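Participant: Mind having a look at this structure? Questions to follow.
None of the figures in this text is laboratory data; all of them are computed from the coordinates on show. Everything numeric in this text was worked out from a predicted model, so none of it was measured. Methodologically, a virtual Cβ is constructed for each residue, glycine included, from the backbone with ideal geometry; neighbour enumeration extends over all protein chains shown.
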Amino acid sequence: MNSWRGSVLGVLFVALMSSILIYAFLGYPEPGYVRPLGEFYLFNTYNFENQDWWSASPNAVTGLLWDYRGYDTLYETMVFYVGIAAVAMFFEGHSKLRKTGGMTVIVRATARLVFVFILTSAFAITIFSIKTPGGGFQGGSIMAIAYIAIIVSLSRGFLPEMSIDLEKAHIAKIVGLVLIAGLTIVPVLYSLTSGSVAYALQNQPKAWAPFGYPTFLGLTSLSGGLIIPIQLGEMIHVGMGFTIMFLLLTIKEKED
Amino acid sequence: MVIVTAGQLPYILVAIMAAICIYAALFKSNLFKKMLAMFLLTDAVNLLFIIQGYRIGGAIPPIIPPGMDPSEFALRAVDPLAHYFVVTAVVIGLAEVATLTVLIIYTYRHYGTIETKKIKELRG
């Protein structure tokens with residue numbers, strides 16, 4: 001009887017809440033029209049004729065992530081760092097990875113082969129993120145999948161044989177963060193030493209702030225300035241963060 | 001009387017999804033289900049962003065094709081800001097899930113259950 005009454009109350013709650021939310025959402029304009037702020041980013045992200053406001057990235061989302069709204073992404077990366085640090089703190093002391101048998105020989109051999117392919121695609125998705133969909137976070141997630149495939153098929157203890165253990169993964173994660181932080185403050189250091197105007201996380205030169213990372217590698221290969229190296233930092237940070245998280249969360253209670 | 005146009009129908013889907021998630025997050029006693037509901041609630045909000053950023057009629061992804069004029073691109077591409085917010089929200093959501101998962105594991109190890117009702121009974 002109680003569960004029947006609970007179900008009816010649940011349905012009523014969902015119906016009431018849905019009605020309130022539908023009423024609120026219908027106040028929004030009908031979707032289909034991009035707001036002026038969005039149009040500003042679309043118009044300027046790869047506009048050679050207006051280089052004071054461009055990000056040198058044909059992918060407007062990547063341009064937004066590490067140029068127009070770089071601070072948001074920087075703080076979001078720090079939130080991710082704190083999240084992984086919290087996980088690591090709870091599992092403090094579990095630094096040794098025990099080696100077990102893993103899966104069958106076929107699975108283990110395939111996993112080793114696939115590992116290389118997955119890692120390559122992670123780098124490709126990160127490096128080409130200025131021209132194609134993707135980025136540091138997506139590349140990092142894929143990188144973590146490569147390690148997770150190894151953990152699942154060959155056991156956690158196999159990672160030290162690949163020169164990866166929890167301590168090294170933590171160090172790599174911090175190196176990624178340091179790379180991002182370093183590239184962020186380079187323009188500020190330039191400003192302090194040269195006396196000219198430059199902003200933290202500045203990607204491309206402006207008429208009033210001449211500092212800028214190179215737009216092209218060689219003559220024609222687009223580099224996106226600051227964006228690719230900072231995306232690589234993000235990839236390492238996120239990839240190692242997920243690997244650490246997965247390693248710690250798969251530790252069984254008996255191993256404590 | 002409220003008139004709903006065809007373009008606003010996705011809002012109804014998001015509202016129902018969000019309402020179910022709010023119900024589960026508030027009234028389910030299993031901590032894991034609560035966490036799952038909160039994560040799906042984030043996805044409902046992400047879906048709202050994507051719907052808002054969509055452009056009806058010949059929309060292209062927010063990556064400028066070679067040779068296209070920026071002014072034409074600005075008139076045809078979907079809103080990059082919506083995509084940007086979703087990427088940011090996903091990263092923060094994952095950090096949140098990681099922390100909550102660990103807290104749930106520790107709750108289970110301490111109390112032997114993740115049912116809030118049983119935990120209340122244990123505390124007397």
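Participant: How far, in degrees from 0 to 90, does helix B:80-111 lean away from the longest principal axis of the Cα atoms of chain B, to the nearest 10?
Facilitator: The answer is roughly 10 degrees.
Participant: Using DSSP to call loops (not H, G, I, E or B), can you name the trypsin sites (Lys or Arg not before Pro) in the stretch A:144-211 whose Cβ has at most 12 other Cβ atoms within 10 angstrom?
Facilitator: Loop-located and lightly packed - none at all.
Participant: Please give me the summed charge of the neighbours of residue A:34: other residues whose Cβ is under 10 Å from its Cβ, Lys and Arg +1, Asp and Glu -1.
Facilitator: The answer is +1.
Participant: To test your reading of the geometry: what angle, between 0 and 90 degrees and rounded to tens, separates the Cα axis of helix B:9-27 from the longest principal axis of chain B?
Facilitator: 10 degrees
Participant: Bin width 5 Å, origin at 0, all Cα-Cα pairs of chain A: what percent of pairs per bin?
Facilitator: Per 5 Å bin, starting at 0, the Cα pair percentages come out as 1, 6, 10, 13, 12, 11, 10, 10, 10, 8, 6, 2, 1, 0, 0, 0.
Participant: Using modelled amide H (1.01 Å from N, peptide plane; none on Pro or chain starts), what sits under 5 Å from the amide H of residue B:77, excluding residues fewer than 5 places away?
Facilitator: B:60
Participant: Quantify how strongly other chains surround peptide B:82-93 by giving the mean number of their Cβ atoms within 10 Å of each of its Cβ atoms.
Facilitator: Partner Cβ neighbours, averaged per residue: 6.
Participant: Here's another thing I want to ask about it. Let me know the mean shielding of A:79-85 by other chains, meaning the per-residue number of their Cβ atoms within 10 Å of its Cβ.
Facilitator: That works out to 5 on average.
Participant: Ok, one more. Please report, largest first and rounded to whole Å, the three semi-axes of the ellipsoid equivalent to the stretch B:6-122, where each semi-axis is the square root of five times an eigenvalue of the C-alpha gyration tensor.
Facilitator: In descending order, the three semi-axes are 41, 17, 6 Å.
Participant: I need the helices of chain A that pass two filters: whole DSSP H segments spanning 24 Å or more by Cα along the axis, and mean Kyte-Doolittle score no lower than 0.5.
Facilitator: Result, helices passing both filters: A:2-25, A:70-90, A:105-127, A:136-154, A:166-194, A:227-249.
Participant: Hey, what did chain A get for relative contact order, percent, Cα under 8 Å, at least 6 apart?
Facilitator: Rounded, it is 23 percent for chain A.
Participant: State the Cα centre-to-centre distance between the stretch A:136-164 and the stretch A:215-249 in whole Å.
Facilitator: Here the answer is 17 Å between Cα centres.
Participant: Within 10 Å of each candidate Cβ there may be at most 15 other Cβ atoms; applying that plus a DSSP loop requirement, which chymotrypsin sites (Phe, Trp or Tyr not before Pro) in the stretch A:161-256 survive?
Facilitator: Passing both the DSSP loop test and the Cβ count: A:199, A:208.
Participant: Another question, if that's okay. To the nearest whole number, what is the average tally of beta carbon atoms from other chains within 10 Å of the beta carbons of peptide A:7-19?
Facilitator: Mean shielding count: 4.
Participant: Where is the GNM fluctuation largest for chain B (alpha-carbon springs, 10 angstrom cutoff): B:17, B:68, B:38?
Facilitator: Sorting by GNM fluctuation, first place goes to B:68.
Participant: Which value at 222 nm does chain A reach when only helices count, each DSSP H run of 4 or more adding -39,500 (n - 2.57), with the total divided by all residues and rounded to the nearest 500 deg cm²/dmol?
Facilitator: Computed ellipticity for chain A at 222 nm equals -20500 deg cm²/dmol.
Participant: Mind scanning A:173/B:34; A:173/A:206; A:173/B:33; B:33/B:117 and naming the pairs with a C-alpha gap bigger than 21 Å?
Facilitator: A:173/B:34; A:173/A:206; A:173/B:33
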